[in-house]
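K.L.:
Take a look at the following structure, please.
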Amino acid sequence: MQGMRLSWASPQNIILWEEDQVHDFLCSLGFAGYGEQIRAEGITGEVLIHCNHEALKDLGIHSVVRIGNALLYRLEMVTDDCRVQGHRLAILKGVYQLKLQHDVPIEEGHWVPPC
C-alpha cells in the first residue's frame, strides 16, 4: 500500500488478538484513547478485521483530526509537511496492512484502500 508504513507489528496473527493486543495496536497508531471502547465492546482481532467505517463510527472512533486548535473534517488531506488522516481511515489502513502481513484473506465486505 503506497505511503503507508506500519510502525508496529505483532508476531501473532491479527485474527488471534485479544482486546489488549487490539488496544496496543491502536496505541501504536496514536489512538490510546479508544481502549475503553475496545474493551467494553470486546473488540478482538477477529472482530477488528471485519470492521469498516460505519462499525468504527459506532464504536465512537472519530473521523476528524485535531491539529492545535483546528479540526480537520476530511478523512484525508495533505499539509505542507505531513499527511493527516482521520482516525477511522488510519485504523482501517493499519488493519489492511496487517491482513497482508499475516496472510489474512480479504473477503467481500472487508475494507480495502481505493485504487
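K.L.:
If packing is taken as the average count of other Cβ atoms within 10 Å, what order do 90-103, 40-53 fall into, highest mean first?
P.N.:
Details: 90-103: 18.9, 40-53: 16.9.
Ranked from most to least packed, the peptides come out as 90-103, 40-53.
K.L.:
Within the stretch 83-112, name every residue whose backbone N is under 13 Å away from a label modeled 7 Å from Cα of residue 62 along the Cβ vector.
P.N.:
What the label zone holds, given the 13 Å backbone N cut-off, is 85-88.
K.L.:
Express in nm, to one decimal, how much length is gained between residue 103 and residue 20 on full extension, taking 0.36 nm for each residue of separation and deducting their alpha carbon distance. Numbers along the way, then the final one.
P.N.:
Working: separation 83, 0.36 × 83 = 29.88 nm, distance 2.16 nm.
This chain segment gains 27.7 nm when fully extended.
K.L.:
Please compute the length gained on full extension between residue 53 and residue 13, using 0.36 nm multiplied by the number of residues separating them and subtracting their Cα-Cα distance.
P.N.:
12.2 nm
None of the figures in this text is laboratory data; all of them are computed from the coordinates on show. Keep in mind that this is a model prediction, so the values were computed, not measured. Quick reminder, even Gly has a Cβ in these numbers, built from the backbone with ideal geometry, and neighbours come from all protein chains shown.
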